Every structure is written in structure tokens, then in C-alpha cells.
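Asker: Take this structure, written in C-alpha cells, and hold onto it; I'll ask about it next.
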Amino acid sequence: MLMLKNKVKELRKAIGISQTDLCLLVSLGNSHLSEIERGLKRINQDSIPVFCKALNCTPNDLFGYETAPKDVTINSELYQ
């Protein structure tokens with residue numbers, strides 16, 4: 001399973017909230033959140049918006065992307 005690096009701990013500390021406070025905001029247990037922060041568990045896809053709201057960030061911020069991914073273009077000549 002691919003584990004995306006996340007910046008939950010960094011973002012949480014930047015806004016000055018405790019792990020316990022974030023657990024309440026995202027409805028997770030302390031041990032589960034700790035495992036997410038250490039990269040041992042992944043953030044459930046449905047929980048990404050919840051984490052973004054609690055941490056006041058975008059998904060790009062949450063996963064450490066500098067910018068949104070560029071559009072992919074397909075060379076149509078290859079498929080004629």
C-alpha cells in the first residue's frame with residue numbers, strides 16, 4: 001500500500017492545537033491520529049476534507065504539494 005506523506009503534525013503545531021484537540025475535531029482516537037502523524041496509517045479519503053477544515057488548509061497543503069498537479073495532455077497522434 002502506498003503511504004502518502006502528510007503534514008498533519010506540522011500543520012497542527014503551526015495553528016497551536018494539541019493532538020487531543022485535533023482528535024476531537026476530526027473524530028479520531030489519539031492513538032490513531034498519532035499513527036497518522038508518524039506515517040504508520042493513512043488518512044482515509046473521506047477524512048481529507050475533515051482534516052483540511054480542522055487544520056485550515058488545502059489538500060495540497062496537507063500532503064505537501066507546492067502547487068496543484070498540472071493537467072495531463074495526451075498526444076492524440078499516438079491513438080489514430
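The values are calculated or read from the model by the stated rules, or taken from the named source; none is laboratory data. None of these values were measured; they are calculated from a predicted model. Note: ideal-geometry Cβ built from the backbone for every residue, glycine included; neighbour counts use all protein chains shown. These accessible areas exclude ligands, DNA and RNA; they are computed on the full protein's heavy atoms, side chains included. Shrake-Rupley method; radii C 1.70, N 1.55, O 1.52, S 1.80 Å.
Asker: Round to a whole number: what % of the accessible area of the range 11-57 belongs to carbon and sulfur, probe 1.4 Å?
Answerer: C and S fraction of accessible area: 49 percent.
Asker: Would you check the accessible area of Glu10, probe 1.4 Å, heavy atoms only, in square angstrom rounded to 10?
Answerer: Roughly 110 Å² of Glu10 is accessible to a 1.4 Å probe.
Asker: With the crude spin-label approximation of a point 7 Å out along Cα→Cβ, what separation in nm comes out for Ser27 versus Lys7?
Answerer: 2.7 nm
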